[in-house]
Every structure is written in C-alpha cells, then in structure tokens.
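K.L.:
Mind having a look at this structure? Questions to follow.
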Amino acid sequence: MTTSNRDGHSQGILIDVPKNSDEGGSPFVTYLQESRQKLRAIIDLLDRGEVVDHDSHSWMLAQVDFIVDLVGNDDLELGAEIRGDLLQFLLAVANLNEQIRQQASMRR
C-alpha cells in the first residue's frame, strides 16, 4: 500500500498489507513497532528543545493518511486489538503534532 504526503508526493510503500490479514499478522505488528520507534525519536528531539525537521513532520502526517486509508479499507478485516493500537498511534501523532505547532508559534 502506498500513500501520499500532504504535499501530494508519494511516500512509497509503508507496509505490505495482505488481504484479510488478522490482527496478529506480523506486517501490522512490525509497522506499529517501527512507527512507534520513529515517533519516539521525534518526541525525544522535541523534548530536547530541538526543531522537528520537515521530513519527520511529513512522515508523521503520512502515517495518519496511511492509517485512515487502512482502517477505511472494506476489504481488510482488522481485529479490535489492532484497531486500538492504530488509534493509540494516531492519538500520539496528534498530540505530537500539537506540540510541534506550539513550539513553532513560540519561536516566532
């Protein structure tokens, strides 16, 4: 599955999602583990008072687009646990995005 970032540029393949994958499927587990690690690195950057670069911010927004597309895919059945994990990840991205926005407004 591919997605485009908010600028309309392709982000490439984020995860290869098989049809009818169940919630224990390793593609979802791997995707969430890797995405959480990357998000954690961005959070650590922000916590040190550093500015989050454009590529990292674009990556975050691309993950939101990807997850929304994934959850909206009628051909894909997701269990309650993976839906919950995806929702938690979306909330973490939303919170971090707000922190980035606040940091940027304070620097002006």
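K.L.:
Can you tell me which of (1) under 17 Å from the mean Cα position of the chain (by Cα); (2) loosely packed, with under 12 Cβ neighbours inside 10 Å; (3) part of a helix (DSSP H, G or I); (4) at pLDDT below 95 is the one Val68 doesn't meet?
P.N.:
(2)
K.L.:
Looking at region 36-56 only, could you name the residues that are touching a residue at least 40 places away in the same chain (Cβ under 8 Å) and within 24 Å of Ile82 (Cα to Cα)?
P.N.:
Selection gives Arg36, Leu39, Ile42, Ile43.
K.L.:
Being under 14 Å from the mean Cα position of the chain (by Cα) and either surrounded by fewer than 15 Cβ atoms within 10 Å (Cβ to Cβ) or in contact (Cβ under 8 Å) with a residue 60 or more places away in the chain (or both) is the filter; apply it to region 85-108 and report the residue that is nearest to Ile67 (Cα to Cα). First the steps, then the outcome.
P.N.:
Looking only at region 85-108, we keep the residues that are under 14 Å from the mean Cα position of the chain (by Cα), and these are 85-97.
This time we only want the ones that are either surrounded by fewer than 15 Cβ atoms within 10 Å (Cβ to Cβ) or in contact (Cβ under 8 Å) with a residue 60 or more places away in the chain (or both), so: 87-88, 91, 94-95.
Numbers: Leu87: 9, Gln88: 11, Leu91: 12, Ala94: 13, Asn95: 16 Å.
Only one residue tops the list, namely Leu87.
K.L.:
Would you be able to say whether some residue in region 49-61 is modelled with pLDDT under 90, under 19 Å from Glu34 (Cα atoms) and acidic (Asp, Glu)? Quick ask: steps written out before the conclusion?
P.N.:
Restricting attention to region 49-61, the residues satisfying the condition of being modelled with pLDDT under 90 are 49.
Next, only the ones that are under 19 Å from Glu34 (Cα atoms) stay: none.
No, there is no match, as no residue in region 49-61 is modelled with pLDDT under 90, under 19 Å from Glu34 (Cα atoms) and acidic (Asp, Glu).
The values are calculated or read from the model by the stated rules, or taken from the named source; none is laboratory data. Owing to the predicted nature of the structure, the values given are computational and were not obtained by experimental measurement. Cβ coordinates were reconstructed from backbone atoms using ideal geometry, including for glycine residues, and neighbour counts include every protein chain displayed.
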